[in-house]
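Have a look at the structure below before the remarks.
The values are calculated or read from the model by the stated rules, or taken from the named source; none is laboratory data. These numbers come from a predicted model, not from an experiment. Don't worry about glycine lacking a Cβ; one is built from the backbone with ideal geometry, like all the others, and counts go over all protein chains shown.
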């Protein structure tokens, strides 16, 4: 990759030369195109390469379940707090799972303090849909007393470093934090819920789903796991969510059209990625067992 | 905040369950017979500090601090264009501290509450004297602090100041000196340095001191609760000593980051 | 590299009477302190006798802010009186975030200032090289292109193709050969 970065890039149409960094700032699209033409990405990855992914479970002791996920520089922390409430009258046997994504101003210069940005709302909504449509968790297991009391799991996802592909990080963080949740035994007595001090109950997850995201450049180059710069330049993106049997759960496609071959490639890559994430989380589980 | 359509809403009223203590421990003993605290520290010891810079790649400067269970991340953005439409020959400093919803024992609401606003103002007051804002006309420095886990409010506040000061230095912003901060609690006539949440619940008052060790100047001091003057004086002395120790940790982490970058 | 010379903000570097305080340092009382993280360097200045200048060169650059020097910016919108630009690169170092600048009608070129028409000099989307002339008003820096080497360095024609400069106030589309008016920078 050295042959692109170290030379000054000459703007072909005028005889003015820029340094690589300046060129990137002024004409980001052209900058990325020069790399893509040489079959490499600006950070040195090949098109099919995911960034290094790590999962750290039980990192927040004040939460009932927590997980920190890093994909390259992108960092998302998910903390789950369990509280008690009355079930919805329409679903007296069901508890609640409330996922919210916070893209705080700490993670990127593009976010400002205040209520959630549009992007954060979209992320939260997509996660919520994924949980509901794919039936990740049986909400009836969260019931304490039918029609009287049920658990409310607040899953708050905080992005600490925004370097692209936050949705994938959020899905992994949410799933692994759900696996990490330990609830106390709770009983309903005369209008109040009493819980034991020890937290032992593990959530029963029906279906565990992971996602893989892709960016499409110039309608033909498929970039796996795009970083912030690639995401901001490419207008088209594909996100594929699969479960443990390789079944599809969700596909989000933004921007212009893509061929069915490209979609098939994305799906098969998402399945490969699923296996990788499973083993990463297994390692994380072993790591906390050792500490305990 | 019912009906906030920008967030996924849970049920309107939720409460934390009442926890039945399996055994009646009564009052927890804060110190044992040898004068050691529950985690093996002496009264004047602080928790071990883990401090690292540059974890947030998108920020101009960043730092992460961990004191056992207290975990805080800080990102510094700027100098960037001031959005306030008034000319100023001096730079603006903007501090914001945010507790994540899962950071405390009870779930915090995601929107900014009064306590966060107050703490943000206090962090600003502690840091502003150390930064050379006169060199940055028309610009703003934004300091965002995110508390990931909170184990003691006063110590958390002190750690946030320390962390933010290192992040500002990491951003390459000119400053007079770094600000180290530490807290002390008054419990039954004793001074507990850097107390955790359990100890804090028993305190009669607390002190947070922000200090520039190299210039030997105090930038901020916050004393609350009822306490004898002599005890306060002693606490201030202990805090300044401890700040100098924290200062060496801060310098060390900055030097490490430079060494790593050179290699 | 010698790691002993790395200093941190607030570190005492010496007595004020021994050195002249260079960039990255400041004097307080009779002592000289570092104000940034970086490498300490002592250099000789022989302008007025032998004086030693102590500087701390930043190891990690602060995000660039506009000062009086040349910079590269992009035209955002134009009005009959001025062109609003966003400053992207200051003196060869890219800013992390854009700053807003204004080129007023009278600052476009050095001669015949009263005849300048903004729309015959810049169009939105053009990349220009300019100079800061003042800190400007509350919102914007004031910029000038009144020098030969300043002006449009990259522009697209109505067709969307790149254009090449053919004189200091005309550019030609590489596709349709149509000529458009711009205040061009002299290539150097």
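One table, with the values for the structure above:
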quantity: Search result, residues across region C:77-100 that are more than 14 Å from chain B (Cβ to nearest Cβ) and either under 23 Å from residue B:89 (Cα atoms) or assigned to a loop (DSSP other than H, G, I, E, B) (or both); calculated: C:79, C:80, C:81, C:89, C:91, C:92
quantity: Among residues of region C:59-81, those that are more than 19 Å from the chain's Cα centre (by Cα) and either surrounded by fewer than 18 Cβ atoms within 10 Å (Cβ to Cβ) or farther than 27 Å from residue B:141 by Cα (or both), counted; calculated: 5
quantity: Residue within region C:127-139 that is under 27 Å from residue A:24 (Cα atoms), touching a helix residue (DSSP H, G or I) at 6+ places or on another chain (Cβ under 7 Å) and surrounded by fewer than 18 Cβ atoms within 10 Å (Cβ to Cβ) present; calculated: yes
quantity: Cross-chain or 6+ apart pairs with Cβ under 7 Å, region C:90-115 first and at positive phi, then assigned to a strand (DSSP E or B); calculated: C:91/C:70; C:91/C:71
quantity: Filter pass, residue A:152 being at pLDDT below 95 and closer than 17 Å to residue A:193 by Cβ; calculated: yes
quantity: Residue list for region B:138-153, filter: more than 9 Å from every other protein chain (Cβ to nearest Cβ) and crowded, with 24+ Cβ neighbours inside 10 Å; calculated: B:141, B:143, B:147, B:152
quantity: All positions within region A:25-67 that are outside any loop (DSSP other than H, G, I, E, B), facing another protein chain (nearest Cβ under 9 Å) and touching a residue at least 24 places away in the same chain (Cβ under 8 Å); calculated: A:66
quantity: Residue within region A:201-219 that is at pLDDT 90 or above, surrounded by fewer than 23 Cβ atoms within 10 Å (Cβ to Cβ), assigned to a helix (DSSP H, G or I) and more than 12 Å from every other protein chain (Cβ to nearest Cβ) present; calculated: no
quantity: Residue in region A:251-258 that is in contact with a helix residue (DSSP H, G or I) (Cβ under 6 Å, 6 or more places away or on another chain), at pLDDT 90 or above and not in a helix (DSSP H, G or I) present; calculated: no
quantity: Some residue of region B:217-240 being surrounded by 24 or more Cβ atoms within 10 Å (Cβ to Cβ) and either in contact (Cβ under 8 Å) with a residue 24 or more places away in the chain or touching a strand residue (DSSP E or B) at 6+ places or on another chain (Cβ under 7 Å) (or both); calculated: yes
quantity: Looking only at region A:122-163, and only at residues there that are within 10 Å of chain B (Cβ to nearest Cβ) and over 22 Å from residue A:180 (Cα atoms), the one that is farthest from the chain's Cα centre (by Cα); calculated: A:149
quantity: Subset of region C:95-106 [buried (at least 21 other Cβ atoms within 10 Å of the Cβ) and in contact with a helix residue (DSSP H, G or I) (Cβ under 9 Å, 6 or more places away or on another chain)]; calculated: C:95, C:103
quantity: Residue within region C:44-54 that is surrounded by 15 or more Cβ atoms within 10 Å (Cβ to Cβ) and either within 14 Å of chain B (Cβ to nearest Cβ) or at pLDDT below 90 (or both) present; calculated: yes
quantity: 3 or more residues without any contact (Cβ under 8 Å) to a residue 12 or more places away in the chain: qualifying strands (runs of 3 or more DSSP E) within region B:1-118; calculated: B:18-20
quantity: Residue list for region B:68-95, filter: facing another protein chain (nearest Cβ under 7 Å) and either under 22 Å from residue B:54 (Cβ atoms) or in contact with a helix residue (DSSP H, G or I) (Cβ under 9 Å, 6 or more places away or on another chain) (or both); calculated: B:69, B:73, B:75, B:77, B:78, B:79, B:80
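To keep it simple, each residue is scored yes or no on (1) farther than 30 Å from residue B:62 by Cβ; (2) in a strand (DSSP E or B); (3) within 13 Å of chain B (Cβ to nearest Cβ); (4) at pLDDT 85 or above.
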position	(1), (2), (3), (4)
C:1	no, no, yes, no
C:4	no, no, yes, no
C:10	no, no, yes, yes
C:20	yes, yes, no, yes
C:26	no, yes, yes, yes
C:33	no, yes, yes, yes
C:63	no, no, yes, no
C:68	yes, no, yes, no
C:75	yes, yes, no, yes
